[in-house]
1. Run the numbers for PHE111 and ASP50: contour at 0.36 nm per residue of separation, minus the present Cα-Cα distance, in nm.
2. When the scattering of region 22-122 is computed by the Debye formula from its Cα atoms alone, each counted once and equally, what is log10 I(q)/I(0) at q = 0.10, 0.13, 0.19, 0.25 Å⁻¹?
3. Within the chain, which whole H helices from DSSP have a Cα span along their axis of at least 27 Å and a mean Kyte-Doolittle hydropathy of 1.0 or more, if any?
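Each reported figure results from applying straightforward, stated rules to the coordinates on display, with no laboratory input. What you are looking at is a predicted structure, and each value in this text was computed from that prediction instead of being measured.
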Amino acid sequence: MSSAITCEWQIVPEGSGKKPTGISLAEDGTGLLRKLNHRDYFVLLDDAGDTMTSVGFSGWLFEKLGSVPGRLVLAVGGPFGVTPLVRERADMKISLSAMTLPHEMCLLILFEQIYRAITIERGGRYHH
């Protein structure tokens, strides 16, 4: 398998409320779930998820990219989290840190780890 991968970044607009109401979270969850199909392998970034080293993540990422029937979808929740329905749909949960991080920071860390995973797969010097 080639170690080149195609990534697409999609933003699901936040619900209509600014506060963590059940309605705004449900709107966020519905928007996210609408973007998934049954063949997608859906991974939720969650502080209670499984932890991996960067090398472990690289191996996991390329194994999944070669084996899932649909897309590999990694999602970061909004500032107030995700609904139980989104949690239930997740095929896996991965933690970037046991600490609570702003969702924008999670995206940055996730993108860096994907880049790192590619360089590990290619044998590059970025991960030393």
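1. Details: separation 61, 0.36 × 61 = 21.96 nm, distance 1.78 nm.
This chain segment gains 20.2 nm when fully extended.
2. -0.27, -0.46, -0.98, -1.48
3. What comes out of the filter, once short or polar helices are dropped, is none.
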